[in-house]
Amino acid sequence: MADPVLSIRDLTVEIPTRHGILRPVDRVSYDIAQGEILGVVGESGAGKSMAGNAVIGLLTPPAHIAGGEIRLNGQRIDTLGPRALRRLRGKDIGMVFQDPLTSLNPLIRIGDQLTETMLTHLDISRKEAEARAIAALDEVGIPGAARRIDSYPHEFSGGMRQRVVIALALCAEPSLVIADEPTTALDVSVQAQIIALLKRLCRERGTAVMLITHDMGVIAETADRVAVMYAGRLAELGPVRDVLTKPQHPYTHGLMASTPLASRGQARLHQIPGAMPRLDAVPDGCAFHPRCPAAQARCTASPRPVAQDGAAACWFPRIKQEVS
Amino acid sequence: MALVRVETLSRVFDVSKPWLNRVLERSPKTYLTAVSDVSIEIEARSTYALVGESGSGKSTIGRMLVGLLAPSGGTVEIDGVDLAQERDAARVAAVRDRIQMIFQDPFASLNPRWKVRDIITEPVAARGGDTSGLAEELLEQVGLSARDAGKFPHEFSGGQRQRICIARALASKPELIICDEPTSALDVSVQAQVLNLMSDLKDDLGLTYVLISHDLTVVQHMADRIGVLYLGRLVEEATPDDLFASPRHPYTQMLLAAAPRMDGFGRDIPPPEGEIPDPTNPPKGCAFHPRCALATARCRSDRPVLRDLGGSRVACHLAE
């Protein structure tokens, strides 16, 4: 197998506070291969966005990387300084965030935003950059691209804006795109358009994608592999079909079963008792054990890390059980 | 007998530019029709769901049902009383007491400076009712602890806050609760807890819900009857079984096909075309015709009326 585009090993992010050190990301490891879409799922506070921000060097102090390493195309990037990271962002890593309005500069025409990004990162002339900007907008499905490059972001609808953001993320031909809840703010029909677009463009170019979302449906339709996060730790990692239909970790199983779709025809939805622990009160051992129906003495003593792809962070994984 | 009867309900908002701009730019007034000619009946002790994308008018209808907005046309009758027209203040007050609302954002809908006890008892205290022990009782009913009454909202998680909102809605012993995206801000596992709580309360207290949501899976699970809205118009109404098994309106079909499916591994379907049109200038005839693959000349000129079709109601010239 070729070297992965992104390789994260034992990544730990810490936030020092007056009441002690919080670990929103705790020894997380995963790889993303070329042309692969890795879905990162979890509930609010599970650390999925924080891990993405650590990769692009956009952690808000006092949050910082406290351990582990991040490699992009074999090169370590967690040790780079701010200037080198700035060069990396946009060029080697493209970003798509939830709210397209905040990722576009409202005062600059979208054509200028695209050409500026390309001129910064690529060795091309202004004329060529302008031609490529039109081609990029055309490719993401903006009608009348040659005319629309002179428009400002507010002149576009939400879905069209997110298309512009995708064009912007891909214009410098990055090897990795981090998409953090790219369709959460959009309507169902527009969401389907954006997902199809992201999928098509990344397949065509062989771009690796980290797709961070809480929507299991989007993951099922889009991702090749899934990383499930819980309380800052990786709960399960594996091919999307296996994780969603035969979850090994009791948390993944509970999560899948509590979606209204899985409980079709039943009067009540499956419930996981309790709530995800706050970061200042993560229990010893497996973070899920207080809520786990299968917890035993060993679970309270020490957590089991995810050993390899297709494994769960559980001492007593569920084996080959369909979500009922 | 229907608890809620909505007839030819419309709501128009004036979204014109300020007066001076209109004079200088010689632009006319612009109006946005958020709800157009909607008629529904909601049976007591049932859950009626309104689904649609943003701008479909579902929240506007919810606000008119509780009386937060006055209709521009048509009527809302709750148990035979039209809140906008009724002159007898005592009758209005009596009906108002029986309606409550739960909002989407449990962070915005609780006053951060009030204790939970005061928040929950407010609907009763405002009418001069007896509130002793009420908050504690309601907190236990929604799965929190009686001790939580002395805490402030910031001490709770999103799911717990939504439980507090539900407790507040229950305080005045309502019959009808309008739930505007009650679980959209919540995680899946918390959503399951809140939806289960809502189902239990409905059975125990004989509540009627109007559930406003964009999430088709939630609606399918909860509703007894579903109304699909597009650009302020009711395009289809059916039971969940009928709607999900055989959607009749092309918009409903598109919406169901576009929704991501948990078993849709690697599904590559052509996504729907186009976007929701500008509501200040809706298309003539059927509002959906510019995006509809089946549209004919008639769809472009005549607005389809809602027709009864085997237990469902559909506003499409071609549906059969």
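Since every read-out is calculated from the coordinates, none of them should be taken as a lab result. None of these values were measured; they are calculated from a predicted model. Because the Cβ atoms are built from the backbone with ideal geometry, glycine has one as well, and the counts that use them run over all protein chains shown.
When each of the peptides A:242-248, A:287-293, B:25-31 is scored by how many other beta carbons lie within 10 Å of its residues on average, the order from highest to lowest is A:242-248, A:287-293, B:25-31. Against chain B, whose longest principal axis is taken from its Cα atoms, helix B:158-171 shows a tilt of about 80°.
The mean number of Cβ atoms from other chains found within 10 Å of a Cβ in peptide B:182-191 is 6, as a whole number. Projecting label points 7 angstrom from Cα along Cα→Cβ for residue A:157 and residue B:281 puts them 1.4 nm apart.
By other beta-carbon atoms within 10 Å, ranking B:221, A:249 with the fewest at the front produces B:221, A:249.
In this simple spin-label model, placing a label point 7 Å from the Cα along the Cα-to-Cβ direction at both residue B:184 and residue B:241 gives a separation of 3.0 nm.
With a ≥ b ≥ c taken as the square roots of the eigenvalues of the C-alpha gyration tensor of the stretch A:230-312, please select rounded if a/c is under 1.5 and otherwise prolate if a/b is larger than b/c or oblate if it is not? Oblate shape, in that a/c is at least 1.5 and b/c is the bigger or equal ratio. Computed from point charges on the beta carbon alone (+1 for Lys and Arg, -1 for Asp and Glu), the dipole magnitude for the protein assembly as shown about its Cα centre is near 900 Debye. The calculated 222 nm mean residue ellipticity attributable to helices in chain A amounts to -9500 deg cm²/dmol, summing -39500 (n - 2.57) over DSSP H runs of n ≥ 4 and dividing by all residues. For the pair residue B:39 and residue B:93, a Förster radius of 22 Å applied to the C-beta separation gives a FRET efficiency near 0.25, rounded to the nearest 0.05. Backbone phi angles across the stretch B:103-112, fed through the Karplus curve with coefficients 6.51, -1.76 and 1.60 (θ = phi - 60°), yield HN-Hα couplings of 9, 5, 9, x, 8, 8, 9, 10, 5, x Hz in residue order; Gly and Pro are listed as x.
Ranked by how many other Cβ atoms sit within 10 Å of their own Cβ, fewest first, the residues A:286, B:299 fall in the order B:299, A:286.
Just report the Cα centroid separation between the stretch B:187-204 and the stretch A:238-291, whole Å. Cα centroid to Cα centroid, the span is 16 Å. Computed from Cα atoms, the angle from the helix B:116-125 axis to the main principal axis of chain B rounds to 80 degrees. Per-residue shielding of B:265-277, expressed as the average number of other chain Cβ atoms within 10 Å of the residue Cβ, stands at 5. Say the dipole of the stretch A:6-223 comes from +1 at the beta carbon of Lys and Arg and -1 at that of Asp and Glu; which of A:153, A:102, A:56 then lies farthest toward its positive end? My answer, from the dipole projection, is A:56.
Working note: 222 nm ellipticity from helices only, DSSP H runs with n ≥ 4, each -39,500 (n - 2.57), summed and divided by the residues of chain B, gives -9000 deg cm²/dmol to the nearest 500. Between residue A:44 and residue A:146, the simple spin-label model (points 7 angstrom out along Cα→Cβ) gives 4.7 nm.
By its C-alpha gyration tensor, with a ≥ b ≥ c as the square roots of the eigenvalues, how is the protein assembly as shown shaped: rounded for a/c under 1.5, else prolate for a/b larger than b/c, else oblate? Oblate, because a/c is 1.5 or more while a/b does not exceed b/c. Rg of the Cα atoms in the stretch A:72-181, relative to 2.2 N^0.38 Å, amounts to 1.06.
Around the amide H of residue B:178, modelled in the peptide plane, lie the amide H atoms of B:100, B:101, B:102, B:210, all under 5 Å away and 5 or more residues distant in sequence or on another chain. Taking every residue in A:234-242 and counting other chain Cβ atoms within 10 Å of its Cβ, the average works out to 1. Treating chain B as a set of equal point scatterers at the Cα positions, no solvent, please give the Debye-formula log₁₀ I(q)/I(0) at q = 0.11, 0.12, 0.13, 0.14 Å⁻¹. Log10 of I(q)/I(0), two decimals: -0.77, -0.90, -1.02, -1.15.
Listed from fewest to most Cβ neighbours within 10 Å, the set B:136, B:320 follows the order B:320, B:136.
Measuring nothing but how far apart in sequence close Cα pairs (under 8 Å, 6+ apart) lie, relative to its length, chain B scores a relative contact order of 19 percent. Once C-alpha pairs closer than 8 Å and six or more residues apart are averaged by separation and normalised to the residue number of chain A, the relative contact order reads 20 percent. Averaging the Cα positions of each part gives two centres, and for the stretch A:54-91 and the stretch B:36-68 these lie 49 Å apart.
Rounded to the nearest 0.05, the FRET efficiency derived from the C-beta distance between residue A:131 and residue A:241 at R0 = 35 Å is 0.25.
With θ taken as phi - 60° and the Karplus curve 6.51 cos²θ - 1.76 cosθ + 1.60 applied, the whole-hertz 3J(HN,Hα) list for the stretch B:52-65 is x, 7, 4, x, 7, x, 5, 5, 4, 4, x, 5, 6, 5 Hz, x standing for glycine and proline. Taking the protein assembly as shown as the region of interest, the number of lysine pairs whose Cα atoms are within less than 13 Å, with members eight or more places apart or on different chains, is 4. Taking amide hydrogens as placed 1.01 Å from N in the peptide plane, the amide H of residue B:285 sits under 5 Å from those of B:303, each at least 5 positions away in sequence or on another chain.
The peptide list A:39-47, A:105-113, put in order of mean Cβ contacts within 10 Å with the highest first, becomes A:39-47, A:105-113. Computed from point charges on the beta carbon alone (+1 for Lys and Arg, -1 for Asp and Glu), the dipole magnitude for chain B about its Cα centre is near 1020 Debye.
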